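Single-structure report; data block below.
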Amino acid sequence: MIIPTRSFDDYLRQAVNSCLAELALLPDDALGEVIVVVDGPAMNAFPAWVRDKRVRVLVLGVHRGTPVALNVGLNSSEATYIARLDSDDVAEPARLSKAVEYLEAHENVVAVGTQGYLIDPDGAEIGCLDMPVGRANVKRSLLRRNSLIHSSVVFRREAMLRVDGYDEDCLRMQDYDLFLRLALVGDLDNLSGRLINYRVHGGMSSKATSPYRVYTRRVLASRYSLYRASGHGRFSGFAHNTLWWVAQVLRHHGLRRPRYLGRASN
C-alpha cells in the first residue's frame, strides 16, 4: 500500500491507520505493508506509528513530484498487488480484502477501484463519488473522463510494470494517464461499495491542475492511443480529445464543476 506525502501530519496518521486496519482483515498468511514515500526531506520528526513493523518509510531527500514518489514505492515492493491511498484520504477496512478477492476471481482485470464518500477537512461526510461499474462501462467511460478514484484502486503490480508505471512527467493527472495505459493491457473495474473517504479541502493538489501543462498533453496522447486501440477513427479521437480539453479549460477557470466534488449527500 503506497502513500506519497510531503510531511507527517494528522491526515497522514489517519491514512496510515486506515491502511493498517485494512491489513488486519487479510488472511493470516497474507503479507502486507504500508510504504510511505516522503517526497522531499523529512520536515518533522518521525511519529510513533513509524515503529509499526508493517510500515516502511522512504525519504527521497529532495522534492521530485508525486509520480516519482509513487514509482519509488512501486519499485521498492515485490508484492503481487499494489494499493493506493492519498495522504489526506481514509480507506474503509474492507477495501483491500474485497479488491484482492475480486482480482483473484478475474484474472483479466489489472486494476479495480471502488465508490467513495466525500468528507470535509474534519472527516464529516458531505457527499458521494460515483464511478461506473462493469469492465465495459469503465473502459467506455475512460474514453470520456477519469473513471476510477485513485485513492481507492488496487493494481496488479505486474501490469503496472508492463506499462512502465507512472509517467514522471505527469505531475498532475498521473492516475488518469496510468489508467488509460493500463486499459491497453487489461480490463479495469469498480466495486459497487463505498470503500474510500475522499477528503475535500483547500490544499488539494487536484485544484492546481492546469490544462496548459505538459501533463495535459501526455494525457491527451494516452487518450488518443486508447481511442485508436478501441477501433475509433483518427477524426473521432481528435474530436473527443478537443471536447475533453475544452472541459478542462472550463473547469480550470471556474466555469465547470470539478468532478472530485461529487454529489451532495441527501
request  = Answer yes if at least one residue in the range 63-86 is within 15 Å of Thr5 (Cα to Cα), buried (at least 19 other Cβ atoms within 10 Å of the Cβ), of a type in the set (Asp, Glu) and in contact with a strand residue (DSSP E or B) (Cβ under 6 Å, 6 or more places away or on another chain), and no otherwise.
outcome  = no
inquiry  = For the range 102-175, give me every one of the strands (runs of 3 or more DSSP E) that falls completely inside it and has 2 or more residues that are farther than 24 Å from Tyr11 by Cα and under 14 Å from the mean Cα position of the chain (by Cα).
reply    = 109-119
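Considering only the range 165-215, state which residues are β-branched (Val, Ile, Thr), touching a strand residue (DSSP E or B) at 6+ places or on another chain (Cβ under 6 Å) and at pLDDT 95 or above.
The answer is Ile196, and nothing else.
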Subset tally (residues that are of a type in the set (Val, Ile, Thr) and either under 14 Å from Trp244 (Cβ atoms) or assigned to a helix (DSSP H, G or I) (or both)) for the range 186-230 = 4
query = For the range 40-48, does any single residue satisfy the condition of being farther than 26 Å from Ser192 by Cα, free of Cβ contacts under 8 Å to residues at least 40 places away in the same chain and crowded, with 19+ Cβ neighbours inside 10 Å?
reply = no
inquiry  = Against the definition (in contact with a Leu (Cβ under 7 Å, 6 or more places away or on another chain), open to solvent by 10 Å² or more (accessible area, probe 1.4 Å) and farther than 22 Å from Thr5 by Cα), how does Arg156 come out, yes or no?
reply    = yes
message = Return the pair list, or none, for Cβ contacts closer than 8 Å from residues in the range 51-80 that are at positive phi to residues that are not hydroxyl-bearing (Ser, Thr, Tyr), at least 6 apart or on different chains.
response = Gly61/Gly40; Gly61/Pro41; Gly65/Asp39; Gly65/Glu168; Gly65/Leu171
query = Within the bounds of the range 15-36, is there any residue that is in a loop (DSSP other than H, G, I, E, B), open to solvent by less than 60 Å² (accessible area, probe 1.4 Å) and within 23 Å of Arg172 (Cα to Cα)?
reply = no
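The values are calculated or read from the model by the stated rules, or taken from the named source; none is laboratory data. Treat the numbers as computed from the prediction; the structure is a model and nothing was measured. In this analysis, Cβ positions are derived from the backbone assuming ideal geometry, glycine residues included, and neighbour counts consider all displayed protein chains. Surface accessibility is based on the protein's heavy atoms, side chains included, excluding ligands, DNA and RNA. Shrake-Rupley method; radii C 1.70, N 1.55, O 1.52, S 1.80 Å.
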